[in-house]
Each structure stands twice: as C-alpha cells, then as structure tokens.
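Asker: For reference, the structure I am asking about is given below.
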Amino acid sequence: GNTYDGTHSWTQNTQCYNNIPLAQADISAAEDSQDIGTDVGYKVWDITNMVEDWISNPATNYGVLINSDNQASQDSYRYFASSEYSDSTKRPKLVITYTVGPVPDTTPPAPPTGVNITIEK
C-alpha cells in the first residue's frame, strides 16, 4: 500500500468506503510504499518528510491517506480497522520516534572582575 499526503481538508464522511473521491485527484504523490502481506499486525510506513513539512507549515496538514497498490489484482485487499472499531487492539495508532536536541546551557556568564551582580527571582 501507499501513503499519501492530502492536499485539501476532508472529513470522515467525505473520505470513506461509501464515498471514494473520483480518481483521488486531491492527493499528493506517494510518500512511502510498502508491500502489505496477509499477516495480521501493525504495518509501518515512513512519513518523516511529510511530518517535517507539517511542522514547517501546519496549514498543510490534511492527514494521511493509505491507498491500495493499483498494480495489485482486484482480489487483493486488506482490512484496516478505524479508530472507532470495537476491538481497541486493532485500532490504528501513530508512533512518533524523535530525538531531543542537546539541552542548552543556561548558566549565566561570570561577571567581570570587580563587578558585583545580584540576581533576584
């Protein structure tokens, strides 16, 4: 399957099985593609660049679309549970892995020789 960045705002009712947008003209180029086998479990796509773009320009965050591989046969499909699915262990989840930068040094510089400084909190 492929992951795409949306290019327009949307709601659950306008982007669902019962209302698939014609030709999906309102999505970006594929962000990541993965072969999704029939094994049960979580699937992983790397959308790091997409999220970095959202951080730089939050107004462009229209969410993620997981789309089928148009090269696969018609009988090849996979089921993904929604966030409202009754079995919470099968609901999608977003895992964010990040690295925290170094903690800045907040130690004030030493005063010049012969100068007294008082710091009040």
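Bear in mind that the values in this text are calculations on the coordinates, not laboratory data. What you are looking at is a predicted structure, and each value in this text was computed from that prediction instead of being measured. Cβ: placed from backbone, ideal geometry, glycine included. Neighbour counts: every protein chain shown.
Asker: If each residue of separation counts as 0.36 nm, what is the full-extension length gain between Asn116 and Val40 once their alpha-carbon separation is subtracted? Don't skip to the end; give the middle numbers.
Answerer: Working: separation 76, 0.36 × 76 = 27.36 nm, distance 6.83 nm.
Going from the current span to full extension adds 20.5 nm.
Asker: Students often check this: by mean Cβ neighbours within 10 Å, which of 106-118, 38-50, 82-94 ranks highest, and how do the rest follow? Numbers along the way, then the final one.
Answerer: Working: 106-118: 6.3, 38-50: 11.3, 82-94: 9.6.
Descending mean neighbour count gives 38-50, 82-94, 106-118.
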